Amino acid sequence: MSSNIKKIAIVGRDTDVWLAALALQRRFARYKGAVEVEVIELPPTLGRSDCYVTSPSYRSFHDFLGLDKDAVIKQAQGVASFGQRFANWCGPAPAYMHAYDRFGYDFNNVDFVQYWLRAKKSGLNVALENFSLGAMAALGNRYVVFNEQTENFSRATYGLNLDAFSYTGVVAKAALKLGVKHRQDLVEHVDVQKGKIERLVLRSGESISADFYVDASGDEAKLLGALESKENFESWAQWFPFDRKVVASGSALKPVPSYAQISAFKDGWFGLYPLQNRSALTAMISTAETAFEASLQNIASLTAMRLENVEAVEFATGARQRSWVGNCCAVGTACASLEQLDALDLYMAQVSILYLCTLFPTSLDFDEESQLYNRKVLEHAKSARDFQVLHYLINERRSDPLWAAVRGVSPPQDLKRKISLYKSCGKVSMNDVELFQEESWHSVFIGQGVVPDKYDPLVDAMPEQEQIEKFQKMLSYISNEVESLPTMQTELEMRTGSDDDGGSFF
Amino acid sequence: MSNTEIKKVVIVGGGTAGWMTAAGLAKFLGTPNLSITLVESEQIGTVGVGEATIPLITMFNRVLELDEFEFVRETNATFKLGIEFQNWKKLGHSYFHPFGALGVDWDGIPFSHFWLRWKSLGGGLDSSRFNAETEAARELKFMNTDNESGPMVMPRINYAYHFDASLYAAYLRKYAEKRGVNRVEGKIVSVDKCSSHGTIEKLRLDNGQELEGDFFVDCSGFSGLLIEKELKAGYEDWSHWLPVDRAVAVPCENSGALLPYTRSTARDAGWQWRIPLQHRIGNGHVFSSKYISEDEATAQLLDNLDGKPLADPRVLKFTTGYRKKGWDKNCIALGLSSGFLEPLESTSIHLVQLAISKLLAYFPVSKNCEHESVRYNKEMREEYENIKDFLIAHYCVTEREDTPFWQYVKNMPIPESLETRLKLFRDRGEVLVKHQELFKNDSWFAVLTGQGLMPEGFHPVAAAISEDELRLRLTKVRSGIQKRAEMMPTHDEYIKQNCAAAKMKM
């Protein structure tokens, strides 16, 4: 590399800082005369109850980072999650599964959902998710293993629930093993000269200079904050009615479920995520209507679980217009703060670190790279945000003031177009940075009751009787396949189980 | 049967063996053609304590066309999924020898080889997790799955019974008498033999009655009234391999749930059985009088009961070994008179049953039946020899050396046949059972690994599939077993719903 960058200083905390350190060290610092990476680790904020809930695509990031996927899952108490089941988001309507799989089979190159819409119109009362192998497998607490037939029919895949504290440990260990320099300290002062960071003065009295700075300090944006104006941070509070994040732990579920349950209630929602050694609970709530303690009790009784290690923090969603300013590039939560809804934890870390590695500057002039970085990272953040916001905007909890209010909020521009297109014809307008596929949008729209009245006219080319037969065949095929799948409990035991003293009966 | 000289059969002794024989002969040879007389004395007690069996007993009951639930009710029986061995490998350890298959055999070789390979690749789940009976036993569950319809996606449950042997004898007595068996009360005082052939001709009883017969079945127990005292068939002593020579037995009150298995707990100079019946628990301490006194052994037994004793302890004396000629002239020995293998693997009743089926197969047509008896004796000898090796393995494969008894059995010379088998097992996980052997691969595997002998290799066929395929196969088996265990009711519930015995007066 002909880079003029000789030294990178990464300032931050928790998982963001270690992911950045591991990625940069692995890519740029592993040969003689290469870049030197130094981590200044700020005091961690992760607690014993925190968990990360990631979407399926996040798993590929482990390849990029050179982490052994199975070992990560084992060490971070990980459990595979084939979907998320949303309960009570629409009043008395049944819960729906947002599984990571498509629906049915596209006949004559027309999306299956279009056929389902026609059938629905003529009285079909089978939910869309019943046509998804992934959703049914998740509901049956199975683990999807493909055979020759199912791999043509389904693309069911899974995200991960991880114990945040253990996971950070795994990543940090890998980074340190690769030779990342590391110190724990606080940044006392950021010395900025002509829009660039000149040096950092640390609490310990030392100062550090680098050619390039990475800000992985989360919401605090410790470095970037010294370079940006206040307007750089765009708040999304109008679309996210709940401003307090609560985490807690309950006992592990057995048999372990294949999905996470996300339940809405009067003052917010809570997700229950199975881990190997415990159940992680994350709630987003507001204290506007109900006192915090009362809300907490409400959650505890709804989960029927004894909750321990409860911690609560203020939580604000939003994004930086520019995450890369001068010689300082923010990664992870410092770029954008997203809720955990729809397994978007670590998504910003993944996106930003991948872009940073791709656009890593070859000289000390970063203009082009930073502009592209800023545009792309923001697009991803907004697109992910839109998917989350959709859940709120089309909720049907009309008698709860907080929920009712968010229904009236004007959607972000892009989402507004999506909603109106969907309502008119059941089609999803996809942009080029979508994390979720069409089927995910279908899950949420239809699951929350936005069922278009019209359907693709090409559907009518198939006689209704033929369609009914095809549907029935598909349903029994799926139910047979699901029945033959191993359970998630088994899969987990096979991966992680160990009987200490060979042959022990008890 | 007009061409036969054998018209009168006399059975001596009315314990379990006697009445099983009477029932079997009556059912298959019939009393119109064959007169069957059983002589027993109420003054002579039977040895029958709580009796544990192996699954082939269900076959015996089936061929007699007994109603299973009636049989269970009548004999206060419970169901048995296997035997738990406590403290056999070492103190504080416990393993299970289940009935039923370990996993699923593939590609012509036993599942154990595939498990061994998986283990060599880092798999952590114990082999017992791949056996349905063990999992059900762990959860105190039981269900008869013989009549399940549909494709066999889950393993069938193999089981036997624990029953009150004297009630079983009484039950079969009703059965036999209904079918024309003549019962005579009396004690034998002398025996008339043919002066030229030495065959038995007549029994004289204490009440003056005389019983003539063409063929005699000696079910007189350890004493071997006809086979030894009259015919001097000879006894082969195996006590250098199986040094236990006493048993002290005592029933006690039930406590807690009915265990669906027998428990065998190793003690300082022997072992203790625990056999759960519906109305009580049968207990016994089998020991070697060379290493512990009767008083001490009795005290140890009474100190280790799960409930209040219901009778005075009774001591039985025996010598482990085999009657050299179980069938001599016109007399066949069945049950304890034919040899004694300690009840460690519940083989006593099985050997009776086996002898009955062989007697039926070779039933003599003339008093001169040497060909039949030679063949019978050869086959039965093999059965005894094979079982003997299996029993010895429980003693010599162990980590225990904490008492003189265990020091002896761990280091004693063992039969060459067993020596070879243990070596093959250690090197490559092979048991190489002969076709007719009672205990097959899975039994040997469970006991040898349970006793602490883990094979170092496995069959090369198990290495021919990919690691992914291997893992998938094992996952499916484990999943099927979990599903099986999940759907089973508890043993208590199953008995309560189907076959609870009437409450008995103690």
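Nothing in this text is a laboratory measurement; each read-out follows from the coordinates by a stated rule. It should be emphasised that the depicted structure is a prediction, and the values quoted were computed from it without experimental measurement. Cβ placement follows ideal geometry from the backbone for every residue including glycine, while neighbour counts extend to all protein chains displayed.
A few notes on this one:
- Gap separating the Cα centres of the range A:189-235 and the range B:406-473, nearest whole Å: 66 Å
- Centroid-to-centroid, using Cα positions, the range A:89-147 and the range B:244-266 are 55 Å apart.
- Prolate/oblate/rounded label for the protein assembly as shown (Cα gyration tensor, a/c 1.5): prolate
- Each Cα pair under 8 Å and six or more residues apart adds its sequence gap; the mean of these over the residue count of chain A is a relative contact order of 22 percent.
- Annotation: peptides A:466-479, A:385-398, ranked by per-residue average of other Cβ atoms within 10 Å with the highest first, follow the order A:385-398, A:466-479.
- Computed from the C-beta positions of residue A:499 and residue B:434 and an R0 of 30 Å, the FRET efficiency is 0.45 to the nearest 0.05.
- For chain B, a crude dipole built from +1 on the beta carbon of Lys and Arg and -1 on the beta carbon of Asp and Glu, taken about the Cα centre, is about 360 debye to the nearest 20.
- Put simply, the C-alpha atoms of chain A give a gyration tensor, and the ellipsoid matching it has half-axes of 40, 26, 24 Å, longest first.
- Spherically averaged projected area of the convex hull of Cα atoms, the range B:97-196: 14.7 nm².
- Considering only chain B, percent of DSSP beta bridges that pair antiparallel, nearest 5: 70 percent
- Peptide ranges A:114-122, A:272-280 listed from the most packed, as the mean C-beta count within 10 angstrom indicates: A:272-280, A:114-122
- Stokes-Einstein diffusion for the range B:59-108 at 25 °C, viscosity 0.890 mPa s, with a Kirkwood radius from C-alpha pairs, works out to 172 µm²/s.
- Spatial offset of the range B:375-397 relative to the range B:42-101 amounts to 20 Å, using the alpha carbon center of each.
- Over 27 Å apart at the Cα level, from the set B:193/B:378; B:290/B:410; B:80/B:496; B:329/B:434; B:324/B:367, are B:329/B:434.
- Take each residue of peptide B:115-128, count the partner chain Cβ atoms within 10 Å of its Cβ, and average: the result is 3.
- Antiparallel bridge percentage (DSSP; both residues within the protein assembly as shown; nearest 5): 70 percent
- With the convex hull constructed from alpha-carbon coordinates only, the range A:1-126 shows a mean projected area of 14.1 nm² over all directions.
- Cα gyration tensor shape for the range B:310-393, rounded if a/c is under 1.5, else prolate or oblate: prolate
- Listed peptides A:299-308, B:482-491, B:440-449 appear in the order B:440-449, B:482-491, A:299-308 once ranked by packing, highest mean of other Cβ atoms within 10 Å at the front.
- Neighbouring partner chain Cβ atoms per residue of B:89-95, average, 10 Å criterion: 3
- Those lysines that a straight Cα-Cα span of less than 29 Å connects to residue A:6, excepting residues fewer than 8 apart in one chain: A:32, A:173, A:177, A:181, A:194, A:196, A:222, A:376
- Total charge dipole magnitude, the protein assembly as shown, about the Cα centre, Cβ charges on Lys, Arg, Asp, Glu only, Debye to nearest 20: 480 debye
- When each of B:232/B:317; A:254/A:470; A:74/A:382; B:90/B:388 is checked by Cα-Cα distance, pairs over 25 Å: A:254/A:470; A:74/A:382
- For the range A:348-488, the dipole from Cβ point charges (+1 on Lys and Arg, -1 on Asp and Glu) about the Cα centre works out to 640 debye, to the nearest 20.
- Sites residue A:230 and residue A:125, calculated FRET efficiency, Cβ-Cβ separation with R0 51 Å, nearest 0.05: 0.45
- Calculated over chain B, the projected area of the Cα convex hull averaged across directions stands at 24.7 nm².
- Global form of the range B:189-339, assessed from the alpha-carbon gyration tensor, a/c cut-off 1.5: prolate
- Cα-based Rg of the range B:229-279 normalised by 2.2 N^0.38 Å, two decimals: 1.68
- Bridging of residue B:187 to lysines at a Cα separation below 16 Å is possible for B:202, B:229, once same-chain residues fewer than 8 apart are set aside.
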